[in-house]
1. Looking only at other chains, what is the average number of their beta-carbon atoms within 10 angstrom of each beta-carbon in B:31-43?
2. Using a Förster distance of 25 Å, how high is the FRET efficiency between A:L96 and B:Y51, based on the Cβ-Cβ distance and rounded to 0.05?
3. Determine the distance separating the Cα centre of region B:32-69 from the Cα centre of region A:1-72; give it in Å without decimals.
4. Give, as a single signed number, the net charge of other residues whose beta carbon lies under 15 Å from the beta carbon of A:R68, with Lys and Arg counted +1 and Asp and Glu -1.
5. Cβ under 14 Å from B:T62's Cβ, B:T62 left aside: what net charge do those residues give with Lys, Arg +1 and Asp, Glu -1?
6. Mind running the shape call on region A:1-57? Use the C-alpha gyration tensor, a ≥ b ≥ c as the square roots of the eigenvalues: rounded below 1.5 for a/c, prolate if a/b tops b/c, oblate otherwise.
7. Is there a quick way to get the dipole size of region B:8-110? I mean about its Cα centre, with the Cβ of Lys and Arg at +1 and of Asp and Glu at -1; what is the value in debye to the nearest 20?
8. What are the ³J(HN,Hα) couplings of region A:12-22, residue after residue, when phi is run through the Karplus curve with 6.51, -1.76, 1.60 and θ = phi - 60°? Round to Hz, x for glycine and proline.
Amino acid sequence: NAGVTQTPKFQVLKTGQSMTLQCAQDMNHNSMYWYRQDPGMGLRLIYYSASEGTTDKGEVPNGYNVSRLNKREFSLRLESAAPSQTSVYFCASSSLDSGSSYTFGSGTRLTVV
Amino acid sequence: QKEVEQDPGPLSVPEGAIVSLNCTYSNSAFQYFMWYRQYSRKGPELLMYTYSSGNKEDGRFTAQVDKSSKYISLFIRDSQPSDSATYLCAMSAGNTPLVFGKGTRLSVIA
């Protein structure tokens, strides 16, 4: 019962480096989401994919790109990391049913120095 | 004004106390209301789910939604040290992503 799996769990990047955060779910969910969580700011939506083949911007998309590789996988890419992107990143998934709850991964702690 | 407002706390209570956590919102289209619990260094987990107005009870937890006042609450009875966590409210109109409150950090002291 893996649910939502995120890799890596921890990462330190230098300013300007790039990296991809991976997310996979095994619940046959249609929708997937990327959030960042910062102290005092709560969970803020970066991008989401309502269904395979579609992606949409959330509240804070600047500096990020996403790829919905297939129904199971949704990746988040930082092309040129900045210290402001230091955060904890959570991936989540849900069924397509209206008002469905989300299942979250355990998070990726990213530090950009 | 943010769509969802939640007092970040922190809130510290003695074991056995009744805890009340609250959120207000501005979007009258919201009709799905949830509470998530997040332990330190973990992802959020769904705790309570309510559709439209009314109350829902699950063990020591009760969720209330008052759509006329745009106000939701989570009550925890007989609080335990294991309830120490951050509690996030979340809501949606149904066809849009969940909007989260900032979370309230709760400590239950034995």
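All of the numbers you see were taken from the coordinates with simple rules; none came from a lab. Since the structure is predicted, the reported quantities are computational estimates derived from the model, not experimental observations. Backbone-built Cβ (ideal geometry, glycine too); neighbour counts: all protein chains shown.
1. 3
2. Using R0 = 25 Å, I get an efficiency of 0.90.
3. If we compute the Cα centre of each part, the gap is 24 Å.
4. With Lys, Arg at +1 and Asp, Glu at -1, the neighbours total +1.
5. Around B:T62, the charge tally is -2.
6. Since a/c reaches 1.5 and a/b is larger than b/c, the shape of region A:1-57 is classed as prolate.
7. So the dipole magnitude of region B:8-110 works out to roughly 280 debye.
8. Coupling constants for region A:12-22: 10, 10, 8, 3, x, 6, 10, 6, 10, 8, 9 Hz.
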